[in-house]
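The values are calculated or read from the model by the stated rules, or taken from the named source; none is laboratory data. Fair warning: this is a prediction, and the values are worked out from it, not measured in the lab. We place every Cβ from the backbone using ideal geometry, glycine too, and count neighbours over all the protein chains shown.
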Amino acid sequence: MRQINLVIIGGGPAGMGAALAAYDAGVRDILILERDSALGGILQQCIHNGFGLHRFGEELTGPEYAWRYEKLVREKNIPFLLDTMVLDITSDKVITATNATDGVFQLQAKAVILAMGCRERARGALNIAGTRPAGIYSAGTAQKYVNLKGYMPGKNVVILGSGDIGLIMARRMTLEGAKVHAVCELMPYSGGLARNIEQCLNDFNIPLKLSHTVVEIHGKERLEGVTIARVDEHRRPIPETREYIPCDTLLLSVGLIPENELSKTASVTLDRVTNGAVVDQDRQTEVEGIFACGNVLHVHDLVDFVSEEADIAGKSAAAYIFGENTECTDIALSTDGKIRYTVPQRITHKKDVTVYFRVADVYRNVTIKGTSGERVICQKKKPRVAPGEMESLTLKADLLTGIDTLHFALEER
Amino acid sequence: MYDITVIGGGVVGGMIARTLSSYRLKICILEKAHDVAMGASSANSAIVHAGFDAAEGSLKARLNVRGSEMMKDICRELGVKYQNNGSLVIGFDEDDRATVEALCRRGIANGVKGVRVIDREELRALEPNISDDAICALYAPTGSIVCPYELTIASIGNAMDNGADLYLDFKVTDIRDDGDHFTVFSDREQIKTKYVINAAGLFSDAIARMVGDDSFTVHARRGEYILLDKECGTLVHHTIFRTPSKMGKGILVSPTVDGNLLTGPTSFDIEDKTDKSTTADGLSLVIKQSGENIDGVPFGKSITSFCGLRAVGSTGDFIINMPRSRFVNVAGIESPGLSSAPAIAEYVAQLLANSGLAMEPNPDFDPHREAMHGFREASIEEKNAIIQKDSAYGHIICRCESVSEGEILRAIRTNPRPRDLDGVKRRTRAQMGRCQGGFCSPYIVELLANEMNVPYESITKFGGASRINVGKTKEAEA
Ligand SMILES: Cc1cc2nc3c(=O)[nH]c(=O)nc-3n(C[C@H](O)[C@H](O)[C@H](O)COP(=O)(O)OP(=O)(O)OC[C@H]3O[C@@H](n4cnc5c(N)ncnc54)[C@H](O)[C@@H]3O)c2cc1C
Ligand SMILES: Cc1cc2nc3c(=O)[nH]c(=O)nc-3n(C[C@H](O)[C@H](O)[C@H](O)COP(=O)(O)OP(=O)(O)OC[C@H]3O[C@@H](n4cnc5c(N)ncnc54)[C@H](O)[C@@H]3O)c2cc1C
């Protein structure tokens, strides 16, 4: 079996970023496996701009952002295989993959970085009553038809869910001449970025109906309409508020699910909130030598943070391969529920660490505190936090001395 | 001129056509939909019932037990997934126990092998996740599961490989008796045939009326299901029914042959025979009742919900007869119609022979059809041997179910050829996984369009107006 120092699963921004970071840290024997016919991951179909403000200080489109990384991967001759689907990973880091040239093959890796991204939640997960006609797509699928294939999935659109892909597609479909009648969001707030609501809905007078959902689907062959309704505080539809909207297309932007089927084959422990791996500050999972970064670890709204995380994973994988080590500790991170999760979930080495997290609701004038017992280790104030936007807190290594737990809580002032 | 025309491309019509194609007969199948297996045969519980349900002495009981005995071999010949997982009918109180015991006696009378009543401990040992409130169960070791649409597709494909013709989009609107033959009409075409076999499911009463037989009616009874991710497929190993009540058989929980978990069906009579919608109440009932039977059914892992329509006949039993010469009704085939289908075909062949049709064996008849899932289940070495001959088998299109381009192309080129996304789905499992085609459907549309040499935007989900795309984007048009 072929031996390789570092195998990276997925050639999106996370996979490419991790490969470059590992290369810069001295690893040469690297292989990126990507199932698509090009590098770039989901960015390939995100032809709108808004990428790279943090990382490069300028606004790029998705493909432009991806190309900055791909160019470096090519310049440094980091090997990658396209149209290559990884089918299995064992906890001993044996990888089984398939493509048209090599057939089904196996590799023994010293370290693995999981960078498989995420997929969209589909209609079936929602159990919406009604018929099952053509015309219902997840927003990303519609984006693929429009942006990559050049076809229009429909002309009269309702969007369920105000995730970023849904918002972006509301604008895209409008620009292509379709009429977007409404974006319905189950929650009393949007899960998307504030700037996307402004630029994709408000600028085009598309109504955002908060606390609304689709309760029934109509039409036998092609979609003919949907019934929407307002929901009460328990998210139950209120029958008197039912409203029929004729439409031929329903786009779903109802959540992204990290693609961790492979992680499971490798016995990687998953976090029930993020649906991604439980990791330490190095983005190492609980299986030694297997790392994770990007949307497979937790869903990011900004690719800039994906790249940041990829740097960490790539560098750490290099350190693992070369057997480097820093001073150990073991700190378990926990949250209060208002803060839904943290990444990392554990701190095992004493070095500067940035903890990323998401909140459960919209809160104003908040203080976010990291405490160990009675001791406040770190804190941060924010005028507003929302579930759609990832937050972070950076801790210096010396703050980690003498503690073995770190609890994150949010206080409203 | 055909010898035999079978109306209806469901599992019953398919099995009949296949059985008759083993004789020297010129056969055709007429199906109104864009593909075969679009009726009850694609949306049901997929259970090969052991045979303890139907009343002793009924045609249902007899054909169920016989069909279930034949099923394993037929699935092997046709390369269809079949699994003998056993069935359990669980009871919660002393009334249920009495019913379970009565079912057991009926099973024994119907000739079902190995049925017996088991107590709480044995039940718990067989199924650790069963509700603590269950006190006894009927255990039927011969109960099995099968892939119903695969069985339908394979039987029709095999009939075609043995010479039968299939006409899709052929909705029978009238039948004229021309003395020594019938002329069967659609809006656009007509076909001459000596015999007609009416296997039109829900609409078999309408077909019978076309030749003046109004001795029965068929109405629709809705059954809604929720299907869960493969992660949940091992929650139970047997098919778990609850004790039937006046309200019907209730909600079952069962693994499928592909490793998903199936829960359902509801049971509501409805007027509109074309209404395959699910209802909010129905789906809630599925969730509630499954939870009563099994602890911790993870409905958060639902991947789809759907509805099948039972064709309930007015006589209470299967209606298989010849109301006039050269015309056979195979109607009111509700559950256990899937289980009985092989035996129904055998019975119909006998009926035809008795009526004087010359039935000479077809020396070229080959009962085999290559399994569609063969590649998926092959070893790495076997896969590589295939990929070496055809590299498309190395290229994965459907990521959730790991279906390769080679398998999809092969399905598109195999009888009965699919022409739409749902057709490819039923044959290959591509789009059937957890993302439900989110990733791969744009590519499958492309493969279909190329193979059929039609424009990309003409591809549909299941024929008719179910187009996937309505046109080109501005840029692509320019
Ligand atoms: C529509 C949309 C709009 C967005 N808008 C913005 C924005 O305006 N600004 C911004 O900064 N960010 C935006 N984002 C977020 C950002 O693009 C993503 O967070 C980022 O692309 C995630 O990178 P990733 O590498 O983790 O995942 P991906 O880009 O999804 O890459 C994962 C790769 O892994 C491959 N893979 C998965 N499984 C396997 C396997 N088994 N074998 C081989 N390969 C595999 C996949 O094919 C894919 O190429 C947007 C995202 C989307 C979807
Ligand atoms: C909810 C539910 C659960 C079930 N569970 C089980 C089970 O677990 N086990 C079991 O053994 N059985 C079960 N059954 C029963 C089983 O599914 C049916 O008995 C069986 O599928 C009937 O097959 P069929 O070919 O008669 O009908 P169908 O599959 O409905 O086929 C009839 C075909 O005729 C076509 N047709 C109708 N009118 C015309 C026309 N005018 N011209 C041309 N074509 C026409 C239709 O389009 C259709 O394709 C269940 C049924 C349902 C609905």
>> within 13 Å of chain B (Cβ to nearest Cβ), within 25 Å of the chain's Cα centre (by Cα) and either part of a helix (DSSP H, G or I) or of a type outside the set (D, E) (or both): is that true of A:I165 in this structure?
In response: yes
> Can you tell which of A:Q108, A:Q45 is among the polar types (S, T, N, Q) and within 8 Å of ligand 1 (Cβ to nearest atom)?
Replying inline: A:Q45
>> Looking only at the range B:267-302, count every residue that is over 16 Å from B:A40 (Cβ atoms) and at the interface with chain A (Cβ under 10 Å from one of its Cβ atoms) and tell me the total.
In response: 12
>> Quick check on the range B:195-203. Is at least one of its residues in a helix (DSSP H, G or I), assigned by TED's automatic domain parsing to the domain that holds B:Y2, small (G, A, S) and touching a strand residue (DSSP E or B) at 6+ places or on another chain (Cβ under 7 Å)?
In response: yes
> When the range A:168-218 is examined, which residues are found to be away from ligand 1 (no atom under 12 Å from the Cβ), of a type in the set (K, R) and within 14 Å of chain B (Cβ to nearest Cβ)?
Replying inline: A:K179
>> On the basis of being in contact (Cβ under 8 Å) with a residue 40 or more places away in the chain, assigned to a helix (DSSP H, G or I), of a type in the set (A, V, I, L, M) and within 16 Å of ligand 1 (Cβ to nearest atom), does A:A318 make the cut?
In response: no
>> With the structure loaded, tell me whether A:L148 is more than 8 Å from every other protein chain (Cβ to nearest Cβ) and of a type outside the set (S, T, N, Q) or whether it fails that test.
In response: no
> How about the range A:120-145: which of its residues are surrounded by 24 or more Cβ atoms within 10 Å (Cβ to Cβ), within 7 Å of another protein chain (Cβ to nearest Cβ) and in a strand (DSSP E or B)?
Replying inline: A:E120, A:A134, A:S138
> Residues in the range A:170-196 that are in a helix (DSSP H, G or I), crowded, with 17+ Cβ neighbours inside 10 Å and at pLDDT below 95: how many?
Replying inline: 1
> Looking only at the range B:107-116, which residues are in a helix (DSSP H, G or I) and either over 27 Å from the mean Cα position of the chain (by Cα) or surrounded by fewer than 19 Cβ atoms within 10 Å (Cβ to Cβ) (or both)?
Replying inline: B:I108, B:A109
> In the range B:447-464, which residues are small (G, A, S) and surrounded by fewer than 16 Cβ atoms within 10 Å (Cβ to Cβ)?
Replying inline: B:A449, B:S458
>> Given (1) farther than 18 Å from B:D35 by Cβ; (2) touching a helix residue (DSSP H, G or I) at 6+ places or on another chain (Cβ under 8 Å), identify the lone condition not met by B:A154.
In response: (1)
> Of the residues in the range B:452-476, how many are of a type in the set (S, T, N, Q) and more than 8 Å from chain A (Cβ to nearest Cβ)?
Replying inline: 2
> Can you pull out the residues in the range B:395-414 that are within 11 Å of chain A (Cβ to nearest Cβ) and away from ligand 1 (no atom under 13 Å from the Cβ)?
Replying inline: B:V403, B:S404, B:E405, B:G406
>> Return the residues of the range A:91-119 that are more than 14 Å from chain B (Cβ to nearest Cβ), out of contact with any helix residue (DSSP H, G or I) (no Cβ under 9 Å at 6 or more places or on another chain) and either part of a loop (DSSP other than H, G, I, E, B) or crowded, with 24+ Cβ neighbours inside 10 Å (or both); say none if nothing qualifies.
In response: A:D92, A:K93, A:A109
>> As an exercise: evaluate A:D88 against (1) buried (at least 18 other Cβ atoms within 10 Å of the Cβ); (2) touching a helix residue (DSSP H, G or I) at 6+ places or on another chain (Cβ under 7 Å); (3) within 12 Å of chain B (Cβ to nearest Cβ); (4) in a strand (DSSP E or B) and give the number of the one condition it does not meet.
In response: (1)
